[in-house]
Amino acid sequence: MIRLLLSLLWLGTIAYIVFIAPGARGAEDSTMFELFTMQEGQEPLLMAVFSWMGLWPLIFACLLLRKDDANIPAWPFVIASVGLGAFALLPYFIAASRKGVRANRSAKFVMKLASSKIIYLLLGGVAAGLLWLAAQGSIEAYWQAMQSSHFVHTMTIDFLILPIIATYAIYRDQTRDLFGKRKFPSIVGFIPMVGTLIYLWRAGGRH
């Protein structure tokens, strides 16, 4: 049932973005160009959300690569999420299964990084620090950017979907009994980025 819901979310969101979402696209989307080139004078809230989107793939890397032992590897989806966000991660959670579980694919240094509390602190610090930038912004200006830029519209939808995936990922992680009987409320995943990092910290990262 969960996989069906994730499939509907994935296909429905793609259909909306391709056929319905407003805003200039491609070369005509000047806001997208300004964000990628980090031009000065950009709306602070817009810059904060854009920067947060760069942290999400790193957080999912920590969550998924500590024990990459499903029927399909997680790392290609994590890498693809750098550019595609939730649209790259959803197919993994739709298709991944622990039937015929295999040995961990992750190299030891990857496992060490993905389990590092120092990494969690750095990511959490950056995520929290960007709140200061977001607080300088205007919701009205952000809304206008969503209507005029197809990229911003897509990025915002992506940003809203990622906490949903994180919540499911935490639930899935715990059902694997990866940390024995230790349980943690999966709903913490709805707190963007920080919630997932709190879970990882409590789940048993390494110093």
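Read the figures in this text as sums done on the coordinates, not as results from a lab. The structure displayed is predicted, hence computed values, not measured ones. All Cβ positions, glycine included, derive from the backbone under ideal geometry; neighbour counts span all protein chains shown.
Among Lys117, Lys67, Lys108, a tally of other beta-carbon atoms within 10 Å of each Cβ gives an order, fewest to most, of Lys108, Lys117, Lys67. For the pair Glu140 and Leu8, label points projected 7 Å from Cα toward Cβ lie 3.8 nm apart.
For Ser149, the amide hydrogen comes within under 5 Å of the amide hydrogens of Ala24, counting only partners 5 or more places away or on other chains and with H modelled in the peptide plane. Listed options for Rg and Dmax of the Cα atoms in Å are [x] 17.0, 49; [y] 17.6, 53; [z] 16.7, 54. The value calculated from this structure is the one marked [y]. Find the centroid of the Cα atoms in segment 50-89 and in segment 104-160, then give the distance between the two in whole Å. So the two Cα centres are separated by 13 Å.
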